[in-house]
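Okay, so here's the structure we're looking at.
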Amino acid sequence: MRTVSVGAEIELSAVEARGVALAAQGMGRRRPGGRIDARRLRRAIDDVGLLQLDSVNVLCRSHYLSLFSRLGPYPRATLDRLASHADTGAGPATRAGRDRVLFEYWGHEASLLPVELQPLLRWRMARAEKLTEKPARLLAAEKPELLESVLRTVRERGPIRAAELATPVRKPGNRWYNWSEAKIALDYLFFAGRVCAAHRVRFERRYDLPERVLPKAVLDAPTPSEDEAQRQLLLIAAARLGVATEPDLGDYFRLPRKESQARLAELVEGGALTPTRVEGWSAPAYVTTGRLPTPARKARALLTPFDPLVWSRPRTERIFGFRHRIELYTPVAKRLHGYYVLPFLLGDSLVARIDVKSDRGAGVLRVLGAFAEPGADPGAVALELADELRLLAGWLELEHVSVARKGNLARNLAKAVAAVRGCR
């Protein structure tokens, strides 16, 4: 780890910056052998700081895949336990999240976050009446008695599904028109921190009271000022990004831009962050003072589009020269690469991308398209990617990998997959 002196601006080459960014995210570290326990999962979670949630399940839920990218095959049930006080046979009041490690809230979008971060997000909870979407704000302002009624129901019956409160009236339009007032109220209470997600079943939240979900030590922790909480969140982001611009840092926990800029200036003035010039970057960058990870050079991973390493499109292009667009909502005829496309990291570069889905009924991991980046060696990339797909298929309990003909890497990958299968 390279030492960064207080007050001394440093310079990084583009290659150094890329390696630092990878190392900060836990990439390049040797994957553990044998069974992966909760301790190793917690270390990987600490590398990323949070796990973004997403409803797309064409392959595997995104938060599971982010840890697979760093650890390889691990028991998903272990992550579920870290994020749940799921049924132990005791009543909800006695479970009280004693050993809970993660909780769900708005970090970078909906996220699983370490429970220790809950006090740092109370400022966001306090701003619910300003930050929630308009239907929720209006409901909270016009029908406070409904909020209290829903909260009382959660207190009496939690953990509870939103669907148990009322049946939504289906109407065309955005999601709010499909929701009952009770469900909108519950969503507002969740954002305001007055209810928590106890756990999820088939990705559906079960809501309960914070005192029955979060550890007592977390609930009793003092609430920092808004300014201090935002400074701490920026420092967490800086450690997980390695080297980053102000927009990169603020985006990690979705801080308001003006506040992110102000808190960053305070951290630089206080010596906690060091200004940095990176070759080829037009904007100034920053690193954690006294801490610069040794650049990673030998990584291999398939990355969900919602992985912190690639979730910011401008940053991904700036660091890797890799233009990445999530095409989930793009009409089929206009998609360049596919519906659910995973970038492939090899060495210190993003060298390919694949459109992939899990065909659980047939027991097949289907690669619907495979595309090598300009300058990548298709043969070498295909061999490494085929082995990673073998691991992924096994982890997902799928028997085979199938490669369609679409993309400039498809032929090489199909041959490599056949060769890997033949070596079993």
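Can you work out the FRET efficiency for the pair ASN57 and ARG313, with r the C-beta to C-beta distance and R0 = 22 Å, to the nearest 0.05? Can you show the working numbers first?
Numbers: r = 23 Å, r/R0 = 1.03.
Calculated value: 0.45.
For LYS134 and SER180, what is the calculated FRET efficiency with R₀ set at 25 Å and r taken between the beta-carbons, to the nearest 0.05?
0.90
Can you check what the Kirkwood hydrodynamic radius comes to for segment 346-406, Cα pairs only, in Å to one decimal? Provide the component values of the computation, followed by the final result.
On the way: mean 1/r = 0.0829 Å⁻¹.
After inverting the pairwise mean of 1/r, the radius is 12.1 Å.
With a point put 7 Å past each Cα toward its Cβ, work out how far ALA380 is from ARG122 in nm, to one decimal.
According to this spin-label approximation, the distance is 5.3 nm.
Using +1 at the Cβ of each Lys and Arg and -1 at the Cβ of each Asp and Glu in the chain, identify which of ASN412, GLY242, ALA221 lies farthest towards the dipole's positive end.
Most positive-ward Cα: ASN412.
Kindly report, to the nearest 10 Å², the accessible surface of VAL15 as traced by a 1.4 Å probe over protein heavy atoms only.
70 Å²
Quick one: compute a quarter of the convex hull surface over the Cα atoms of segment 276-348 and quote it in nm². Let's see the in-between values first.
Values: hull surface 24.4 nm².
Taking a quarter of the hull surface, the average projection is 6.1 nm².
To the nearest 20 Debye, how big is the dipole of the chain about its Cα centre, given +1 on the beta carbon of each Lys and Arg and -1 on that of each Asp and Glu?
Value, rounded to 20: 1260 debye.
So for segment 195-261, Kirkwood radius off the Cα pairs, Stokes-Einstein at 25 °C and 0.890 mPa s: how many µm² s⁻¹?
Reported coefficient: 173 µm²/s.
List, in order, the whole-Hz ³J(HN,Hα) value for each residue of segment 185-195 obtained from phi through the Karplus relation with A = 6.51, B = -1.76, C = 1.60 and θ = phi - 60°; use x for Gly and Pro.
The phi angles translate into 4, 5, 5, 5, 4, 5, 4, 6, x, 8, 10 Hz.
For a 24 Å ceiling on Cα separation, which of these pairs sit above it: LYS216/LYS258; LYS130/LYS183; LYS143/LYS183; LYS143/LYS216? Mind dumping the intermediate values first?
On the way: LYS216/LYS258 34 Å; LYS130/LYS183 19 Å; LYS143/LYS183 13 Å; LYS143/LYS216 31 Å.
Correct reply: LYS216/LYS258; LYS143/LYS216.
List the lysines whose Cα lies under 23 Å from the Cα of LYS406, skipping any in the same chain that are fewer than 8 positions away.
Here the lysines satisfying the reach criterion relative to LYS406 are LYS334, LYS357, LYS415.
Starting from one equal scatterer on each C-alpha and no solvent at all, send me the Debye-based log10 I(q)/I(0) for the chain at q = 0.06, 0.09, 0.11 Å⁻¹, two decimals.
Summing over Cα pairs of the chain leads to -0.27, -0.62, -0.93.
Dipole of segment 363-424, Cα-centred, from +1 at each Lys and Arg C-beta and -1 at each Asp and Glu C-beta, to the nearest 20 debye?
The dipole of segment 363-424 has a size of about 340 debye.
Give me the percent of Cα-Cα pairs in segment 191-345 that sit more than 26 Å apart, rounded to a whole number.
Of all Cα-Cα distances in segment 191-345, 46 percent exceed 26 Å.
When the Karplus curve 6.51 cos²θ - 1.76 cosθ + 1.60 is applied with θ = phi - 60°, which whole-Hz ³J(HN,Hα) does each residue of segment 125-133 get, with x for Gly and Pro?
4, 5, 9, 3, 5, 9, 9, 6, 6
Would you please give the residues with an amide H less than 5 Å from that of ALA198, counting only those at least 5 places away or on a separate chain, with H modeled from the backbone geometry?
Placed amide hydrogens put ARG206, TYR207, ASP208 under 5 Å from ALA198.
Counting only other residues whose beta carbon sits under 11 Å from that of GLY193, what net charge do I get with K and R as +1, D and E as -1?
Taking every other residue near GLY193 into account, the sum is +4.
Among ALA77, LEU146, GLY270, which residue has its Cα furthest toward the positive end of the charge dipole of the chain, with +1 on Lys/Arg Cβ and -1 on Asp/Glu Cβ?
ALA77
List every residue whose amide H lies under 5 Å from the amide H of ALA352, counting only residues 5 or more places away in sequence or on a different chain, with H placed 1.01 Å from N in the peptide plane.
For ALA352, the qualifying residues are PHE344, GLU373.
Can you compute 3J(HN,Hα) from phi for each residue in segment 400-409, using the Karplus curve 6.51 cos²θ - 1.76 cosθ + 1.60 with θ = phi - 60°, rounded to whole Hz and x for Gly and Pro?
9, 10, 10, 10, 6, 8, 6, x, 6, 9
The values are calculated or read from the model by the stated rules, or taken from the named source; none is laboratory data. Just so we're clear, the structure is a prediction, and the values are computed from it rather than from any experiment. Virtual Cβ from ideal backbone geometry, glycine too; neighbours counted across all protein chains shown. Areas reflect the complete protein model, heavy atoms only, side chains present, ligands, DNA and RNA absent. Shrake-Rupley method; radii C 1.70, N 1.55, O 1.52, S 1.80 Å.
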